[in-house]
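Note sheet for the following structure.
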Amino acid sequence: MLFAAGFLAFHGYLDTVIVILVSATASYVGHGTFFLIALYKREGFLRLIQRFIKVNLLKLEALVARYGTAAIFITQWLYGFRLLSAAVLGLSRMGTAKYFTFQLISCVIWAVICTSGGYFFGATLKNFLGDIKKYNIYVAIGVMVAGFIVWLVRDVRKRR
């Protein structure tokens, strides 16, 4: 979705800086919430995860153990692990100051890269096809639908 927002920003429908700020803030708050819940409500959180989420926590814990602080940056890009990785970092009892400092940097980098990708995709389409302003909304919807389909296919495969 952030990619589509970057595309719309290129064509003037959204403000690029606001897209980056809102997405980085939302990501930061969401990850921070999961981190704090896992840190302070460890046992209840573990019970909840085991009931509803079919993710291999051992893989995430191994990633945190192997890469430490770098795991904050790495997990930002792993499909299906973003929010859960924040919880695993909370379960690992990483210090809050350390986590929130690196998570802020990671969220901003993530927002800038994803928004820029959509922005430059819009610029590239314009270079190839000329003035495509009348098709912008269709392209943005297509990008969002394609993203949803990719998510749905991965989710269905994961459940099998």
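Observations, loosely collected:
- With a cut-off of 15 Å between beta carbons, the residues surrounding Phe45 carry a summed charge of +3, where Lys and Arg count +1 and Asp and Glu -1.
- Tally of Lys pairs whose C-alpha atoms are under 24 Å apart, taken over the range 2-159, 8 or more apart or cross-chain: 7
- Per-pair calculated FRET efficiency, R0 = 41 Å: Trp151 and Thr101 via Cβ, rounded to 0.05: 0.85
- Taking a span of 27 Å or more along the helix axis (Cα atoms) and a mean Kyte-Doolittle hydropathy of at least -0.5 as the rule, the DSSP H helices of the chain that qualify are 16-40, 96-129, 136-159.
- Computed E for Tyr67/Tyr138 - FRET, C-beta separation, R0 30 angstrom, nearest 0.05: 0.15
- The tail of the calculated P(r) for the chain beyond 22 Å holds 50 percent of all Cα-Cα pairs.
Read-outs throughout are calculated quantities, based only on the coordinates presented, and are distinct from any laboratory measurement. Not measured: the values here are computed from a predicted model. Methodologically, a virtual Cβ is constructed for each residue, glycine included, from the backbone with ideal geometry; neighbour enumeration extends over all protein chains shown.
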